[in-house]
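Shown next, in structure tokens, is the structure this report addresses.
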Amino acid sequence: MAKILQRVRLVPNVHLLEVQAPEIARKCAPGQFVMVMPDERGERIPLTIADWDIEKGSITCVFLAVGTSTRKLALLQAGDEVPVFVGPLGKPSEMRNFGTVVCAGGCFGIAAIHPIARALKALGNRIITIVDVKARYLLYWEDKLRRVSDRFIVSTRDGAAGGTNEPHYIAAELNALIAAEPRIDRVVAIGCTYLMSASAEATRPHGIKTMVSLNPIMVDGTGMCGACRCTEGGKTRFACVDGPDFDGHAIDWAEVYARRKSYFDDEIRSLCAWEEKTFG
Amino acid sequence: MSEEKKIPAELKELLKAEFGLEWRRQLRQGLPVKDRMKIARHKMPERPAKERAKVFLEVNLGLDAAAAQEEARRCLDCANPTCVCGCPVGIDIPSFVKLIEKGEFEAAARKLKETNSLPAICGRVCPQETQCEEVCNLKKAAGTPVAIGNLERFAADWERSHGVVSLPTLPAPTRKKAAVIGAGPAGLTVAGDLAKKGHRVTIFEALHMSGGVLVYGIPEFRLPKAILKAEVDYLKRLGVEFKMNFVVGKTATLNDLRAEGFEAFFIGTGAGLPNFMKIPGENLVGVFSANEYLTRVNLMKGYDFPNYDTPVFLGRRAAVIGGGNVAMDSVRTAKRLGAERAVIVYRRSRVEMPARTEEVHHAEEEGIEFHLLTTPIRYIGDGHGGVKAMECQKMGLGEPDSSGRRRPIPIEGSEFIMDIDLVVVAIGQSPNPLISQAMPELKMGKWGNIDVNWETMATNIPGVYAGGDIIRGGATVILAMGDGRIAAAEMDKYLRR
């Protein structure tokens, strides 16, 4: 059992979960994830590690409340316990001085990109952060991200942050950056599949290495089941042990989209059953 | 990979001494051999096939006391009990069987537990027909061996259901710490043996439940989880500590554990890496590894979705690729989950199937179809990322290969399409690489297995031992337990050095 230290709603539907996990905090590195099971009857789901505190012995994750498991997590309070909180799993993100790195984050990925940007900044990279949100009020951790970024760009569909009223999209933002910046050495994108695939497509013609952090369905998270398999460069990989970071230009995105939807109907059925039971 | 099991001199002496005991002599004289040979083998009572194809309740129901005693009477109590040679853990089979004949069921269970920490499990999942029962002298003399496995199960079940599970007297604590990595059959065996020697044992397990393949792989209808829980509780009463949700190699390395005072280590992390065939369409939605399919059903209780949150893919036309026990477990699971057709697709013929005869037989009774000498060559998508059919090819059999089984040879022009909406790939597993990746100094074999000295189960790193599927690839529960017994004895010596 792992104890919840805090659970806060950051913006509508996006929650922060801080869990007591001193062993994981001592070991984790940017880019890794944990497997979490919200209760004894729950599903095991992967959550990207958004921050950690070795002294406090805690791990922080940020997630979008969307299905049964994340809705359950969103109801937890400080002092509650979860039966599974295991990690750090997956390979850490590749870290060195690349030069100029664009860190793109959307949804839960706004938090997940933070430790990566922070570590890359510490290695001397110039960091350009783009956060992609549907509307300005969905933006969180702006201060934290600004502190580790040389440039900070908000791309919103309502255009409110861009200084214009035009809707902004991640691909257009990246294209504008590529045109304006003298040099971009690498892009790291974390968020929904759309954000990651759109980022990879935007950089592909320019040959800018684009790393994505895949977030497929997993069961054990330790290489045992193969639920998370994806195709990179024509070869089957397990996101849990070979990733979660992959070269976005080598990924078969159609397959990623299809496999994420494997249990779409069941997920709705599960959520309806849980809502009925919990809220009547 | 493994060598022929020889009876150690110590065990030989023990068997001889037990054979000479007065009560054994009297029991032998009580019924002449020719009369013992006339008794027919007791059939294991089973839940009717029609009933069980819909439920996950255990298929085998177990012998009752009268039947068990009668079955035990069939044992000739030979002076040279060859059955013991067939047992990877060297159980004193004649002694426990004769205690059953005498009606001393509790003593029979205790006798089993002297050498086997998990008799209720072995009595259910061991392939006795190729081990102890294969070399039973009665089989040579009368054709059918003593039902040793069924008797083992009977004694262990009797002890549990009568609440008489007693703890052995533990020696004074040695204050030595041993770490067991992986709570599967090998690890549980090592933990039990070392705890009984007075050592402080901690099991580190990556999943949230103990048992390894016993909990995520073997279905409820073959091994009820309550039985496993009872065996794990027994280890807890012996003082074994369980640290769950802990991935050695990730949460902490073996060297971190060394710094915490652990001196001896056993790596029993199993063959948790599923093999795929690398044919087109294998990543389509609806194609699963047996590990994923069975884990969703067994560990995560997907058969009770949505009361449990983990869904499992319900196929109407399910095909399971492979001919081993895992394939049988998968196809029988698909049938129980409502598949109209549940089919085994296996590239060789019936005689080469590695599955236990009993499992194949149960599968047939439950209406499973067998497409033998057949292999899939590609999966066909429905245009939305899902699988809708597979192209198969018929096979012929050539000369025996390195496994001793006849090599399957594709027959040109024999391709045909089979409509399916669920595929479970059960063609074997490879050793789990998580620990070896975190320990580059660990010597590995060419199949990704950990290299050990087969006499001692020692790896190339002093104090570190390994056993079970991590050294063998996909093998059996009892072989893993046999490795565990050898390793535990060596680890005990190492801790006392």
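Each value in this text was obtained by applying a stated rule to the coordinates, not by laboratory testing. Given the structure is predicted, the values throughout are model-derived calculations rather than measurements. Note that we place each Cβ from the backbone using ideal geometry, even for glycine, and neighbour counts take in every protein chain shown.
Which of the lysines could be linked to A:K209 by a straight reach, that is with a Cα gap under 24 Å, when you skip same-chain ones fewer than 8 residues away?
Partners within reach: A:K91, A:K121, A:K235.
From the cross-link list B:K229/B:K301; B:K50/B:K139; B:K176/B:K243; A:K27/B:K176; B:K43/B:K102; B:K102/B:K236, which pairs have alpha carbons spaced over 24 Å apart? Let's see the in-between values first.
On the way: B:K229/B:K301 15 Å; B:K50/B:K139 32 Å; B:K176/B:K243 17 Å; A:K27/B:K176 26 Å; B:K43/B:K102 21 Å; B:K102/B:K236 31 Å.
Exceeds cut-off: B:K50/B:K139; A:K27/B:K176; B:K102/B:K236.
Between rounded, prolate and oblate, where does the protein assembly as shown land on the alpha carbon gyration tensor, with a ≥ b ≥ c its root eigenvalues, rounded for a/c under 1.5, else prolate if a/b exceeds b/c? If you can, show how the numbers build up before the last one.
On the way: a/c = 2.24, a/b = 1.74, b/c = 1.29.
Prolate.
What are the chymotrypsin sites (Phe, Trp or Tyr not before Pro) within region A:49-134 that DSSP puts in a loop, where the Cβ has at most 11 other Cβ atoms within 10 Å? Write out the running numbers ahead of the final one.
On the way: sites: A:W52, A:F63, A:F85, A:F98, A:F108; in loops: A:F98, A:F108.
Those that pass, being in a loop and sparsely packed, number zero.
Averaged across A:31-37, how many Cβ atoms of other chains sit within 10 Å of each residue's Cβ atom?
2
Would you compute the Debye intensity of chain B from its alpha-carbon atoms alone, equal scatterers and no solvent, and pass along log10 I(q)/I(0) at q = 0.07, 0.10 Å⁻¹ to two decimals?
-0.39, -0.81
What helices does chain B have that are whole DSSP H segments, at least 24 Å long along their own axis by Cα, and with mean Kyte-Doolittle hydropathy of -0.5 or more?
Passing helices, by number: B:477-495.
Out of the DSSP beta bridges found with both residues in the protein assembly as shown, what percent are antiparallel (nearest 5)? Write out the running numbers ahead of the final one.
Details: 56 of 110 bridges.
Among the beta bridges of the protein assembly as shown, antiparallel pairing accounts for roughly 50 percent.
When the Karplus curve 6.51 cos²θ - 1.76 cosθ + 1.60 is applied with θ = phi - 60°, which whole-Hz ³J(HN,Hα) does each residue of region A:113-119 get, with x for Gly and Pro?
6, 4, x, 6, 4, 4, 5
Calculate the FRET efficiency for B:E340 and B:E391 from the Cβ-Cβ distance with a Förster distance of 25 Å, rounded to the nearest 0.05.
It comes out at approximately 0.75.
Taking the Cα atoms only, what angle lies between the long axis of helix A:264-279 and the longest principal axis of chain A, rounded to 10 degrees?
For A:264-279 against chain A, the angle is about 50 degrees.
Explain nothing, just the number: relative contact order of region B:343-414, from Cα pairs under 8 Å at least 6 residues apart, as a whole percent. Before the final figure, lay out the partial values.
Working: 108 pairs, mean separation 21.4, N = 72.
Taking the mean separation of contacting Cα pairs over the length of region B:343-414, I get 30 percent.
Let me know the charge dipole size of chain A about its Cα centre in debye, to the nearest 20, where only the beta-carbon of Lys, Arg (+1) and Asp, Glu (-1) is charged.
Values: 34 positive and 33 negative charges, 92 e Å.
In total the dipole reaches around 440 debye.
List the GluC sites (Glu not before Pro) in region B:60-106 that DSSP assigns to loop (not H, G, I, E or B) and whose Cβ has at most 16 other Cβ atoms within 10 Å. Which are they?
B:E104
Just flag the trypsin sites (Lys or Arg not before Pro) in region A:159-250 sitting in loop per DSSP whose Cβ has no more than 11 other Cβ atoms within 10 Å. All intermediate terms of the calculation are to be shown ahead of the outcome.
On the way: sites: A:R183, A:R186, A:K209, A:R229, A:K235, A:R237; in loops: A:R183, A:K209.
Here the sparse-neighbourhood loop sites are A:R183.
Taking each residue in B:247-253, count the Cβ atoms of any other chain within 10 Å of its Cβ, then average. What number comes out? Don't skip to the end; give the middle numbers.
Values: counts 11, 0, 1, 13, 10, 4, 1.
Whole-number average of other-chain Cβ neighbours for B:247-253 is 6.
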